[in-house]
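These notes concern the structure reproduced below.
The values are calculated or read from the model by the stated rules, or taken from the named source; none is laboratory data. Nothing here was measured: the structure is a model prediction, and the numbers come from that model. Quick reminder, even Gly has a Cβ in these numbers, built from the backbone with ideal geometry, and neighbours come from all protein chains shown. When the accessible area is computed, the model is the full protein with side chains, heavy atoms only, and any ligands, DNA or RNA have been set aside. Shrake-Rupley method; radii C 1.70, N 1.55, O 1.52, S 1.80 Å.
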Amino acid sequence: MAKAAKKTRPRVVKTVKALRETLADWKKRKADIALVPTMGALHAGHISLVALAKKSAKKVVVSIFVNPTQFGPNEDFSRYPRTFDADMDKLADAGADLVFMPDAKEMYPEDFSTMLKPTGPASVGLDDKFRPGHFDGVATVVAKLFTSVMPDVAIFGEKDYQQLQVIKTMARDLHLPVKVVGAPVVREKDGLALSSRNVYLSPPERTAAPVLHQVLKESAKAIAAGEPVEAVLSRGRAKIMAANFKLDYLEARDANSLAKPDAQRKAKLRLLVAAKIGKTRLIDNVAV
Ligand code: AMP
């Protein structure tokens, strides 16, 4: 059988100056631009964002930057997977036009002095509570990516649901003229949300991991059927802990603000979970 022709890898630029030179040329030709920010170690979840970006704009920029300011001191920054060659092949197949891959000094020179401090959905007692400073790092780097690329649209996964709400709010608050779009979670057949961190899972941990999505699905169904939210969540928490997870949270929140829902439950709900198995912290969420 004939081998499929290898697609050309997208161009990689490492500085904001080189990035802006390419973008200026596109903008002169009135091409609209979509941005997909990533930390690399790309999987089908990331590629689904690139596919949506291609439908949304003429040119697609993917950024790959393992952002040090969003990792805590005891988190996995130094061991975070870095898979440049595989990433480039996937981006070639997906049809990305340009990759922005700065080094840490380009994004944070030694005298860097301007960190954002988001509140609102960034201070609701979910990941913000367990990863202090995380969303400061996320909001800062994404604001810098937005002002560097000036995309018309930026695509983020609902996998990181709190992050998506933080970025939507940040872009609105800073009047950044970018449409922030959320894309659905891509999952393994057994329901486990794809994540660059899944490679850390040992075989028994990988076997246990789908319980998070199972609990989310069961809980969403029970809440939609009218069961009291707290009773459903208690049952779900017990099931996750029985599967050897250390649970950070399983919560039902207002789907936009991420605040605790009001008693009448008029707002749309989102169920969010974060839990550690061994050394690996997994997050997931579903709509109710
Ligand atoms: P990361 O490289 O983990 O920072 O993720 C980059 C982008 O890909 C973020 O917008 C994530 O929400 C998104 N993403 C990661 N995993 C998935 C997934 N399983 N499905 C959809 N989007 C995802």
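What's the extension gain from residue 238 to residue 8 if we count 0.36 nm per residue and subtract their Cα-Cα distance? List each step's numbers first, then the result.
Working: separation 230, 0.36 × 230 = 82.80 nm, distance 4.96 nm.
Full extension of this stretch gives 77.8 nm more.
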Once amide H atoms are placed 1.01 Å from N in the peptide plane, what residues at a sequence separation of 5 or more from residue 179, or on another chain, have their amide H within under 5 Å of its amide H? 153, 154
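For region 196-287, go through all pairs of different Cα atoms, get the mean of 1/r, take its inverse, and jot down that Kirkwood value in Å. Could the numbers behind the result be given before it?
Working: mean 1/r = 0.0736 Å⁻¹.
Answer for region 196-287: a Kirkwood hydrodynamic radius of 13.6 Å.
Please give the length that would be gained between residue 119 and residue 268 if that part of the chain were fully extended, namely 0.36 nm times their separation in residues minus their C-alpha to C-alpha distance (nm, one decimal). The partial results should precede the final answer.
Working: separation 149, 0.36 × 149 = 53.64 nm, distance 2.09 nm.
Additional length available on full extension: 51.6 nm.
Just the number, please: percent antiparallel of the DSSP beta bridges in the chain, rounded to the nearest 5.
Details: 17 of 36 bridges.
Antiparallel bridges: around 45 percent, rounded to the nearest 5.
What value does the chain have for Rg/Rh, both radii from Cα atoms and Rh as Kirkwood defines it? Walk me through the numbers on the way to the answer.
Details: Rg = 19.6 Å, Rh = 20.1 Å.
Radius of gyration relative to Kirkwood radius: 0.97.
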Enter the angle in degrees (range 0 to 90, nearest 10) between the Cα long axis of helix 134-149 and the first principal axis of the Cα atoms of the chain, meaning the one along which they spread out most. 30
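If you take the beta carbon distance between residue 181 and residue 110 as r and set R0 to 22 Å, what does 1/(1 + (r/R0)^6) give as a FRET efficiency, to the nearest 0.05?
Working: r = 35 Å, r/R0 = 1.58.
According to the calculation, E is roughly 0.05.
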How big is region 177-224 on each of its three principal axes, counting only the C-alpha atoms and giving the largest first in Å? 46, 31, 14
Tally up the carbon and sulfur contribution to the accessible surface of the chain as a whole percent, 1.4 Å probe, everything protein left in place. 55
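Helix-only mean residue ellipticity at 222 nm, the chain, DSSP H runs n ≥ 4 weighted -39,500 (n - 2.57), per residue, nearest 500. What is it?
Only helices count here, giving -11500 deg cm²/dmol.
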Taking 8 Å as the Cα distance limit and 6 or more residues as the minimum spacing, I'd like the relative contact order of the chain as a percentage. 17
Distance between region 61-95 and region 187-211 - C-alpha centres, whole angstrom: 19
Accessible area per residue, Å², region 118-198 with all protein chains present, probe 1.4 Å: 39
Taking the chain as the reference, fit the longest principal axis to its C-alpha atoms, fit the long axis of helix 16-28 to the helix C-alpha atoms, and give the angle between the two in degrees, 0 to 90, nearest 10. 80
Between helix 44-56 and the chain, what is the angle of the helix's C-alpha long axis to the longest principal axis, kept within 0 to 90° and rounded to the nearest 10? 60
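Evaluate E = 1/(1 + (r/R0)^6) for residue 103 and residue 75, where r is the Cβ-Cβ distance and R0 equals 22 Å; express this FRET efficiency to the nearest 0.05. Each step should come with its number before you reach the end.
Values: r = 20 Å, r/R0 = 0.89.
For residue 103 and residue 75, the calculated efficiency is 0.65.
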Enumerate the amide H contacts of residue 157 below 5 Å, restricted to partners 5 or more residues apart or on another chain; note that Pro and chain-start residues carry no placed amide H. 183
